[in-house]
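This report refers to the structure that appears directly beneath it.
Derivation of every value follows stated rules applied to the coordinates shown; laboratory data play no part. Here the structure is a predicted model, which is why all the values come from computation and not from measurement. Glycine gets a Cβ as well: all are built from the backbone with ideal geometry, and neighbour counts include every protein chain shown.
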Amino acid sequence: MKKRILMLTTGGTIASLPTDEGLAPGLDGAALAELLPTGVLEHYEIDIRDILHLDSSNIQPEEWQMIARHIFDSRACYDGIVITHGTDTMAYTASVLSFMLRGIGIPVVLTGAQLPITHPLTDGLENLRTALAMAASGAAGVFLAFDRKVMLGCRAVKTRTTDFGAFESVNWPLAAAVDGKGLQIYSEAIPAGAGDSVLRDALCGKVFLIKLTPGLDPEIFDVLLQMHYRGIVIEAFGAGGLHFVRRDLIAKLYAAAQAGMTVVVSSQCLYEPSDFSLYQAGQKALAQGVIPGRDMTTEAAVTKLMWVLGQTTDPVEIRDYFSRSLAGEVSFL
Ligand code: ASP
């Protein structure tokens with residue numbers, strides 16, 4: 001029997017057409033699917049739903065919640081769901097959906113393209129083919145398919161602006177890949193589903209990301225507190241360091257914690273885990289109660305913090321969420 005796949009379209013380059021102001025989403029899902037070879041179309045039973053027509057720069061928490069609801073409400077009727085999405089913020093959407101849809105029970109696969117699907121050299125057809133195959137694979141979870149590779153949604157990072165290999169699975173092996181034997185699933189890289197499928201889509205939008213620069217003025221924390229931010233992710237230096245000489249960020253961390261702010265610290269380095277216990281400049285931060293981001297991507301750290309602060313305001317529970325992997329986003333070595 002053919003696998004039933006739901007394709008949700010949201011816009012992005014894959015569905016874009018040239019306009020006077022540059023590329024903008026213009027094609028609907030039917031037009032996208034029409035360009036797929038007959039062999040692909042005959043292989044699956046595909047339903048299409050156009051839910052957004054946006055460049056992914058405009059996809060924000062409200063859209064994440066809307067996409068999550070469509071997926072959740074449709075899960076019982078399909079073997080898998082493919083979401084076409086712009087590449088620019090796809091890693092954020094893939095990460096946050098991993099948290100909102102824990103235990104979803106079917107494959108949910110995001111994909112897009114570097115060149116519009118109507119371009120003669122498009123990568124969109126290949127990416128769609130891979131996404132459909134993954135959606136039909138029975139491997140449950142939220143994934144991102146691109147350039148014949150499939151990765152956990154919460155480990156994906158866009159690392160290239162134009163290359164067809166735009167995404168990497170950071171600090172985690174691929175979940176699947178296409179080769180001469182077809183779609184190879186690497187089960188050991190796919191975390192077991194987390195219990196029942198429940199939609200938890202509450203989010204806190206008041207999360208700020210700071211990339212530390214040498215000499216950054218600690219008063220930035222006061223401004224964020226005045227603006228009622230509830231969470232900050234700090235991309236600190238190297239394995240884990242923040243300045244405290246002359247401009248004392250550590251003292252500000254203490255004040256922020258006292259004011260009820262949750263601070264997650266990770267590294268500006270893309271690869272390998274941060275370890276704030278290594279240097280004095282990191283240990284001082286840990287002593288103020290900051291939460292280590294370990295080997296999480298920035299996209300995962302930011303969306304996890306938004307999601308966790310949407311679930312609870314209790315500092316003990318917040319810390320508990322960060323002491324566990326919820327969807328394969330963090331490793332504890
Ligand atoms: N600006 C586009 C978007 O993210 C880029 C893409 O889809 O590749 O919607």
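Remarks
- Per-q log10 I(q)/I(0), region 20-111, q = 0.10, 0.17, 0.24 Å⁻¹ (Debye; single scatterer per alpha-carbon; no solvent): -0.28, -0.81, -1.40
- For the chain, the longest principal axis of the Cα atoms and the long axis of helix 124-135 meet at an angle of about 80 degrees.
- Amide hydrogen neighbours beyond the local backbone of ALA24, cut-off 5 Å, H modeled: LEU17, THR19
- Cut-off 15 Å between beta-carbons: net charge of the residues surrounding ARG49, Lys and Arg +1, Asp and Glu -1: -3
- Descending semi-axes in whole angstrom, ellipsoid equivalent of the chain, from the Cα gyration tensor: 37, 20, 18
- Amide H contacts under 5 Å for MET7: ASP47, ILE48, ARG49, VAL82, restricted to partners 5 or more places along the chain or on a different chain, H placed in the peptide plane at 1.01 Å from N.
- Applying the Karplus relation 6.51 cos²θ - 1.76 cosθ + 1.60 with θ = phi - 60° to region 44-59 yields 3J(HN,Hα) values of 10, 9, 10, 9, 10, 9, 8, 10, 8, 10, 10, 5, 5, 4, 9, 8 Hz, where x marks Gly and Pro.
- C-alpha long axis of helix 249-258 to longest principal axis of the chain, angle in °: 80
- Note on LYS2: no lysines have a C-alpha under 18 Å away, same-chain residues under 8 apart excluded.
- Local net charge near GLN311, Cβ-Cβ under 12 Å (Lys/Arg +1, Asp/Glu -1): -1
- Percent of beta bridges antiparallel (DSSP, region 81-172, rounded to nearest 5): 45
- Dimensionless Rg ratio for region 1-52, taking C-alpha atoms and the 2.2 N^0.38 Å reference: 1.29
- Relative exposure of TYR92, TYR229, judged by other C-beta atoms within 10 Å (fewest first): TYR229, TYR92
- Given the chain, longest segment not containing exposed loop trypsin sites (Lys or Arg not before Pro) (DSSP; at most 11 other Cβ within 10 Å): 3-180
- Projected onto planes of every orientation and averaged, the convex hull of the alpha-carbon atoms in region 162-238 covers 9.9 nm².
- Per-residue ellipticity at 222 nm computed for the chain from its helices equals -8500 deg cm²/dmol, with DSSP H segments shorter than 4 residues left out and the rest contributing -39,500 (n - 2.57).
- Percent antiparallel among DSSP beta bridges (both partners in the chain, rounded to 5): 35
- Nearest-ten-degree value, helix 90-100 long axis tilted from longest Cα axis of the chain: 80
- Over region 81-142 - Rg/Rh using Cα atoms and the Kirkwood inverse-distance radius: 1.01
- log10 of Debye I(q)/I(0), alpha-carbon scatterers only, for region 55-211 at 0.14 Å⁻¹: -0.65
- Size-normalised alpha-carbon gyration radius of region 238-333, reference 2.2 N^0.38 Å: 1.05
- Under 5 Å, built H, 5+ apart or other chain: amide partners of ILE291: VAL263, VAL264, VAL265
- Prolate/oblate/rounded label for region 190-286 (Cα gyration tensor, a/c 1.5): oblate
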